[in-house]
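Before any comments, here is the structure.
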Amino acid sequence: MRVHVKVAKTPKEIDGVFRVRHKVFIEEDGKFPAQSDYRMYDYFDTIPTTVNIIAMVDDEVIGCLRMTEWSEVGLPADHYFDFKPLLPDNVGKLASVSMFALLSEYRSNMQLAYMLMSIGCYWGISRNISHIITPINPDIASLIKRIGFKPLCEEVIGKVGGLPIIPMMLKVNELRDTTLQYVKRMKLEDFIDIFEREFYEEGDRIITLGEAGDKAYVVVEGKVKVSRTGYRSGEHSEIIVNELERGEMFGEMALLTVQPRTANVTAATDVDLMVLNRDVFQREVLSDPKHLHSVLEMLGNRLAGTLDLLARPAKG
(Lines give C-alpha, C1' and ligand atoms only; values in the text may rest on other atoms or scores of the structure.)
Protein backbone atom coordinates (compact mmCIF):
# COMPACT_ATOMS: atom_id res chain seq x y z
CA MET A 1 0.00 0.00 0.00
CA ARG A 2 1.38 3.38 -1.06
CA VAL A 3 0.50 6.36 1.15
CA HIS A 4 1.33 9.83 -0.20
CA VAL A 5 1.58 12.84 2.18
CA LYS A 6 1.70 16.36 0.75
CA VAL A 7 0.25 19.88 0.88
CA ALA A 8 -3.27 19.95 -0.60
CA LYS A 9 -3.35 22.12 -3.73
CA THR A 10 -6.13 21.08 -6.09
CA PRO A 11 -9.87 21.70 -5.57
CA LYS A 12 -10.44 17.94 -5.40
CA GLU A 13 -7.79 17.53 -2.68
CA ILE A 14 -9.20 20.38 -0.58
CA ASP A 15 -12.74 19.06 -0.97
CA GLY A 16 -11.38 15.70 0.20
CA VAL A 17 -10.08 17.40 3.35
CA PHE A 18 -13.54 18.76 4.20
CA ARG A 19 -15.14 15.35 3.56
CA VAL A 20 -12.62 13.51 5.77
CA ARG A 21 -13.16 15.99 8.62
CA HIS A 22 -16.92 15.40 8.44
CA LYS A 23 -16.45 11.64 8.30
CA VAL A 24 -14.08 11.58 11.30
CA PHE A 25 -15.33 14.31 13.64
CA ILE A 26 -19.06 13.96 12.94
CA GLU A 27 -19.92 10.56 11.46
CA GLU A 28 -17.33 8.41 13.28
CA ASP A 29 -16.73 10.32 16.53
CA GLY A 30 -19.99 12.28 16.88
CA LYS A 31 -18.24 15.37 18.27
CA PHE A 32 -20.13 17.99 16.21
CA PRO A 33 -23.53 18.38 14.48
CA ALA A 34 -23.91 16.85 11.01
CA GLN A 35 -23.78 19.11 7.96
CA SER A 36 -26.13 18.74 5.00
CA ASP A 37 -23.28 18.74 2.46
CA TYR A 38 -21.19 16.19 4.45
CA ARG A 39 -18.29 18.61 4.66
CA MET A 40 -16.71 20.33 7.66
CA TYR A 41 -14.95 23.68 7.36
CA ASP A 42 -14.75 27.02 9.13
CA TYR A 43 -13.54 30.60 8.80
CA PHE A 44 -9.84 29.74 9.01
CA ASP A 45 -10.13 27.64 5.84
CA THR A 46 -10.77 30.86 3.90
CA ILE A 47 -7.66 32.83 4.84
CA PRO A 48 -4.38 32.75 2.84
CA THR A 49 -2.19 31.89 5.85
CA THR A 50 -3.77 28.42 6.09
CA VAL A 51 -2.68 25.21 4.34
CA ASN A 52 -3.90 21.63 4.68
CA ILE A 53 -1.57 18.64 4.80
CA ILE A 54 -3.14 15.48 3.38
CA ALA A 55 -2.51 11.74 3.34
CA MET A 56 -3.75 9.94 0.23
CA VAL A 57 -4.27 6.29 -0.72
CA ASP A 58 -5.15 5.57 -4.36
CA ASP A 59 -5.59 9.34 -4.90
CA GLU A 60 -8.25 9.59 -2.17
CA VAL A 61 -7.74 11.70 0.95
CA ILE A 62 -7.75 9.49 4.07
CA GLY A 63 -6.22 11.90 6.59
CA CYS A 64 -5.41 15.57 7.05
CA LEU A 65 -4.30 18.35 9.35
CA ARG A 66 -4.44 22.13 9.07
CA MET A 67 -1.53 24.55 9.55
CA THR A 68 -2.28 28.24 10.10
CA GLU A 69 0.24 31.05 10.45
CA TRP A 70 -0.65 33.77 12.95
CA SER A 71 -2.21 36.93 11.51
CA GLU A 72 -4.28 39.79 12.89
CA VAL A 73 -7.33 37.49 12.88
CA GLY A 74 -5.66 35.05 15.29
CA LEU A 75 -5.29 31.27 15.21
CA PRO A 76 -7.70 28.31 15.39
CA ALA A 77 -5.95 27.26 18.63
CA ASP A 78 -7.23 30.43 20.33
CA HIS A 79 -10.79 29.09 20.12
CA TYR A 80 -9.91 26.04 22.23
CA PHE A 81 -7.51 27.41 24.83
CA ASP A 82 -5.86 30.67 25.90
CA PHE A 83 -2.23 29.97 25.06
CA LYS A 84 -0.95 33.52 25.59
CA PRO A 85 -0.10 33.32 29.34
CA LEU A 86 1.96 30.16 28.74
CA LEU A 87 3.97 31.29 25.72
CA PRO A 88 7.63 32.29 26.21
CA ASP A 89 8.60 35.95 25.92
CA ASN A 90 10.79 35.34 22.88
CA VAL A 91 8.08 33.93 20.56
CA GLY A 92 8.73 35.04 16.98
CA LYS A 93 6.38 33.90 14.23
CA LEU A 94 3.64 31.66 15.56
CA ALA A 95 1.51 28.99 13.86
CA SER A 96 -0.99 26.38 15.01
CA VAL A 97 -2.01 22.83 14.13
CA SER A 98 -5.72 22.00 14.03
CA MET A 99 -8.29 19.68 12.41
CA PHE A 100 -6.05 16.61 12.71
CA ALA A 101 -8.16 13.75 11.31
CA LEU A 102 -7.55 10.16 10.17
CA LEU A 103 -10.22 7.76 8.96
CA SER A 104 -10.81 5.05 11.56
CA GLU A 105 -9.21 2.24 9.56
CA TYR A 106 -5.90 4.16 9.47
CA ARG A 107 -5.70 5.41 13.06
CA SER A 108 -3.50 2.56 14.24
CA ASN A 109 -0.83 3.64 11.72
CA MET A 110 1.29 5.88 13.93
CA GLN A 111 3.84 6.34 11.14
CA LEU A 112 1.17 7.93 8.97
CA ALA A 113 0.17 10.37 11.71
CA TYR A 114 3.85 11.21 12.25
CA MET A 115 4.34 11.90 8.53
CA LEU A 116 1.38 14.29 8.46
CA MET A 117 2.74 16.22 11.41
CA SER A 118 6.29 16.37 10.07
CA ILE A 119 5.19 17.73 6.67
CA GLY A 120 3.25 20.39 8.56
CA CYS A 121 6.42 21.29 10.44
CA TYR A 122 8.37 21.54 7.15
CA TRP A 123 5.80 24.05 5.95
CA GLY A 124 6.37 25.99 9.18
CA ILE A 125 10.14 25.99 8.62
CA SER A 126 9.66 27.36 5.09
CA ARG A 127 7.61 30.23 6.57
CA ASN A 128 10.25 31.00 9.23
CA ILE A 129 7.84 29.96 11.98
CA SER A 130 9.58 29.85 15.38
CA HIS A 131 6.87 28.14 17.48
CA ILE A 132 3.89 25.90 16.67
CA ILE A 133 1.04 25.45 19.16
CA THR A 134 -1.80 22.95 19.21
CA PRO A 135 -4.69 21.91 21.47
CA ILE A 136 -4.05 18.22 20.91
CA ASN A 137 -6.26 15.20 21.49
CA PRO A 138 -4.70 13.37 24.50
CA ASP A 139 -4.86 10.10 22.52
CA ILE A 140 -2.09 11.26 20.18
CA ALA A 141 -0.07 13.41 22.59
CA SER A 142 2.65 10.76 22.89
CA LEU A 143 3.01 10.72 19.11
CA ILE A 144 3.74 14.40 18.66
CA LYS A 145 6.06 14.38 21.66
CA ARG A 146 8.30 12.25 19.42
CA ILE A 147 8.60 15.21 17.06
CA GLY A 148 9.46 17.62 19.85
CA PHE A 149 6.15 19.09 21.03
CA LYS A 150 5.99 19.67 24.80
CA PRO A 151 2.92 20.09 27.04
CA LEU A 152 2.33 23.61 28.34
CA CYS A 153 0.07 22.34 31.14
CA GLU A 154 -1.95 19.30 32.19
CA GLU A 155 -4.98 18.00 30.31
CA VAL A 156 -7.88 20.48 30.33
CA ILE A 157 -11.36 20.74 28.85
CA GLY A 158 -11.28 22.86 25.70
CA LYS A 159 -13.59 25.80 25.09
CA VAL A 160 -15.17 24.12 22.04
CA GLY A 161 -17.34 21.04 22.40
CA GLY A 162 -16.26 20.31 25.97
CA LEU A 163 -13.55 17.98 24.68
CA PRO A 164 -10.35 17.12 26.60
CA ILE A 165 -7.16 18.62 25.18
CA ILE A 166 -3.50 19.00 26.07
CA PRO A 167 -2.09 22.42 25.08
CA MET A 168 1.30 21.73 23.49
CA MET A 169 4.04 23.73 21.79
CA LEU A 170 6.99 23.01 19.51
CA LYS A 171 10.07 25.20 19.22
CA VAL A 172 10.76 24.63 15.55
CA ASN A 173 14.54 24.70 16.01
CA GLU A 174 14.11 21.70 18.36
CA LEU A 175 12.21 19.60 15.81
CA ARG A 176 13.32 15.97 16.04
CA ASP A 177 13.30 14.65 12.51
CA THR A 178 15.92 12.61 10.66
CA THR A 179 14.72 13.97 7.32
CA LEU A 180 15.41 17.54 8.40
CA GLN A 181 18.91 16.53 9.49
CA TYR A 182 19.55 15.09 6.02
CA VAL A 183 18.14 18.20 4.33
CA LYS A 184 20.50 20.43 6.30
CA ARG A 185 23.49 18.20 5.60
CA MET A 186 22.78 18.28 1.87
CA LYS A 187 22.15 22.07 1.90
CA LEU A 188 18.57 21.67 0.71
CA GLU A 189 16.85 23.82 3.36
CA ASP A 190 15.49 26.16 0.67
CA PHE A 191 13.49 23.28 -0.79
CA ILE A 192 12.06 21.95 2.50
CA ASP A 193 8.52 23.15 1.74
CA ILE A 194 8.33 21.22 -1.55
CA PHE A 195 9.30 17.83 -0.10
CA GLU A 196 6.55 15.24 0.18
CA ARG A 197 6.44 11.86 1.92
CA GLU A 198 5.44 8.38 0.82
CA PHE A 199 5.02 5.23 2.88
CA TYR A 200 5.27 1.69 1.48
CA GLU A 201 4.76 -1.64 3.17
CA GLU A 202 7.38 -4.40 3.03
CA GLY A 203 7.44 -5.98 -0.43
CA ASP A 204 5.86 -3.03 -2.26
CA ARG A 205 7.51 -2.00 -5.52
CA ILE A 206 8.59 1.66 -5.43
CA ILE A 207 10.40 1.96 -8.78
CA THR A 208 10.15 -0.40 -11.75
CA LEU A 209 12.98 -0.92 -14.21
CA GLY A 210 12.23 0.71 -17.57
CA GLU A 211 9.33 2.88 -16.46
CA ALA A 212 9.27 6.67 -16.78
CA GLY A 213 10.33 8.40 -13.57
CA ASP A 214 9.72 11.89 -12.24
CA LYS A 215 10.69 11.61 -8.56
CA ALA A 216 13.74 11.22 -6.34
CA TYR A 217 13.54 9.60 -2.90
CA VAL A 218 15.40 9.73 0.41
CA VAL A 219 14.97 6.94 2.97
CA VAL A 220 13.67 8.38 6.25
CA GLU A 221 12.99 5.07 8.03
CA GLY A 222 13.39 1.47 6.92
CA LYS A 223 15.31 -0.16 4.07
CA VAL A 224 14.91 -0.58 0.31
CA LYS A 225 16.63 -3.02 -2.04
CA VAL A 226 17.85 -2.08 -5.51
CA SER A 227 17.81 -4.83 -8.14
CA ARG A 228 18.22 -5.48 -11.86
CA THR A 229 17.03 -8.33 -14.02
CA GLY A 230 19.64 -10.70 -15.38
CA TYR A 231 20.66 -14.33 -15.79
CA ARG A 232 22.00 -16.49 -12.99
CA SER A 233 22.82 -20.16 -13.59
CA GLY A 234 21.21 -19.87 -17.01
CA GLU A 235 17.88 -18.63 -15.62
CA HIS A 236 16.23 -15.21 -15.78
CA SER A 237 16.22 -13.71 -12.28
CA GLU A 238 16.23 -10.50 -10.26
CA ILE A 239 19.68 -9.68 -8.88
CA ILE A 240 20.04 -7.44 -5.84
CA VAL A 241 22.75 -4.83 -6.42
CA ASN A 242 22.37 -2.72 -3.28
CA GLU A 243 20.41 -2.04 -0.11
CA LEU A 244 19.77 1.52 1.05
CA GLU A 245 18.99 2.73 4.57
CA ARG A 246 18.13 5.92 6.43
CA GLY A 247 19.48 9.10 4.81
CA GLU A 248 20.35 7.51 1.46
CA MET A 249 18.92 8.79 -1.84
CA PHE A 250 17.76 6.93 -4.96
CA GLY A 251 16.10 7.81 -8.24
CA GLU A 252 17.88 11.17 -8.30
CA MET A 253 18.60 11.22 -12.04
CA ALA A 254 14.85 11.59 -12.64
CA LEU A 255 15.21 15.16 -11.38
CA LEU A 256 17.31 16.05 -14.43
CA THR A 257 16.36 13.65 -17.23
CA VAL A 258 13.39 11.81 -18.71
CA GLN A 259 15.33 8.59 -19.23
CA PRO A 260 13.65 5.35 -18.09
CA ARG A 261 14.45 3.95 -14.65
CA THR A 262 17.59 1.81 -14.65
CA ALA A 263 16.72 -0.51 -11.73
CA ASN A 264 13.92 -1.89 -9.62
CA VAL A 265 13.55 -0.57 -6.07
CA THR A 266 11.46 -2.51 -3.55
CA ALA A 267 10.62 -1.91 0.12
CA ALA A 268 12.76 -4.39 2.08
CA THR A 269 10.88 -3.33 5.23
CA ASP A 270 8.02 -0.93 5.84
CA VAL A 271 9.64 2.27 4.59
CA ASP A 272 9.08 6.01 5.00
CA LEU A 273 10.44 8.09 2.12
CA MET A 274 11.00 11.78 1.49
CA VAL A 275 9.97 12.61 -2.10
CA LEU A 276 10.99 15.38 -4.47
CA ASN A 277 9.13 15.76 -7.78
CA ARG A 278 11.05 16.74 -10.92
CA ASP A 279 8.72 19.52 -12.12
CA VAL A 280 8.69 21.23 -8.74
CA PHE A 281 12.44 20.77 -8.30
CA GLN A 282 13.28 22.20 -11.72
CA ARG A 283 10.92 25.12 -11.26
CA GLU A 284 12.45 26.01 -7.90
CA VAL A 285 16.05 25.64 -9.10
CA LEU A 286 15.52 27.65 -12.28
CA SER A 287 13.71 30.41 -10.39
CA ASP A 288 16.63 30.84 -7.98
CA PRO A 289 19.94 29.90 -9.67
CA LYS A 290 22.00 30.71 -6.55
CA HIS A 291 21.01 27.27 -5.23
CA LEU A 292 22.08 25.46 -8.40
CA HIS A 293 25.69 24.87 -7.31
CA SER A 294 24.84 22.97 -4.14
CA VAL A 295 22.18 20.92 -5.92
CA LEU A 296 24.52 19.94 -8.77
CA GLU A 297 27.20 19.05 -6.23
CA MET A 298 24.76 16.76 -4.43
CA LEU A 299 23.66 15.05 -7.65
CA GLY A 300 27.25 14.73 -8.87
CA ASN A 301 28.28 12.99 -5.64
CA ARG A 302 25.31 10.65 -5.93
CA LEU A 303 26.10 9.85 -9.57
CA ALA A 304 29.72 9.07 -8.70
CA GLY A 305 28.53 6.73 -5.98
CA THR A 306 26.12 5.02 -8.37
CA LEU A 307 28.79 4.46 -11.00
CA ASP A 308 31.09 2.98 -8.36
CA LEU A 309 28.27 0.68 -7.25
CA LEU A 310 27.56 -0.54 -10.78
CA ALA A 311 31.21 -1.51 -11.15
CA ARG A 312 30.92 -3.92 -8.22
CA PRO A 313 29.77 -7.57 -8.52
CA ALA A 314 26.06 -8.09 -7.89
CA LYS A 315 25.00 -9.78 -4.67
CA GLY A 316 23.89 -13.36 -4.84
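A few remarks follow.
- Residue in segment 185-196 that is in contact with a strand residue (DSSP E or B) (Cβ under 6 Å, 6 or more places away or on another chain), at negative phi and either surrounded by 14 or more Cβ atoms within 10 Å (Cβ to Cβ) or modelled with pLDDT of 90 or more (or both) present: yes
- Matching entry among Asp89, Asp78 (being charged (D, E, K, R) and part of a helix (DSSP H, G or I)): Asp78
- Within segment 250-268, the set of residues being free of Cβ contacts under 8 Å to residues at least 60 places away in the same chain, crowded, with 20+ Cβ neighbours inside 10 Å and either touching an Asp or Glu at 6+ places or on another chain (Cβ under 8 Å) or not assigned by TED's automatic domain parsing to the domain that holds Arg278 (or both) comprises Ala254, Asn264.
- Filtering segment 69-93 to residues that are over 20 Å from Ile140 (Cα atoms) and buried (at least 21 other Cβ atoms within 10 Å of the Cβ) leaves only Leu75.
- Looking across segment 97-138, the residues that are over 17 Å from the mean Cα position of the chain (by Cα) and hydroxyl-bearing (Ser, Thr, Tyr) come down to Ser104, Ser108, Ser130, Thr134.
- Breaking point among (1) part of a helix (DSSP H, G or I); (2) in contact with a Pro (Cβ under 9 Å, 6 or more places away or on another chain), for Thr68: (1)
- Hey, Ile119 assigned to a helix (DSSP H, G or I) and in contact with a helix residue (DSSP H, G or I) (Cβ under 8 Å, 6 or more places away or on another chain) or not: no
- Any hit, segment 29-46, residues being at pLDDT 95 or above, under 28 Å from Glu201 (Cα atoms) and in the same structural domain as Gly162 (by TED's automatic domain parsing): no
- Exclusive hit being within 24 Å of Tyr114 (Cα to Cα), of a type in the set (A, V, I, L, M, F, W, C) and without any contact (Cβ under 8 Å) to a residue 40 or more places away in the chain, set Ile26, Ile53: Ile26
- Where a residue in segment 203-220 is under 17 Å from Glu245 (Cβ atoms) and free of Cβ contacts under 8 Å to residues at least 60 places away in the same chain and its partner, wherever it lies, is of a type in the set (A, V, I, L, M, F, W, C) and assigned to a loop (DSSP other than H, G, I, E, B), with Cβ under 9 Å and at least six apart: Ile207/Ala263; Val218/Met186; Val218/Phe195
- Whichever residue in segment 69-99 is more than 16 Å from Lys171 (Cα to Cα) and aromatic (Phe, Trp, Tyr) and, among such residues, is modelled with the lowest pLDDT: Tyr80
The values are calculated or read from the model by the stated rules, or taken from the named source; none is laboratory data. Nothing here was measured: the structure is a model prediction, and the numbers come from that model. Glycine gets a Cβ as well: all are built from the backbone with ideal geometry, and neighbour counts include every protein chain shown.
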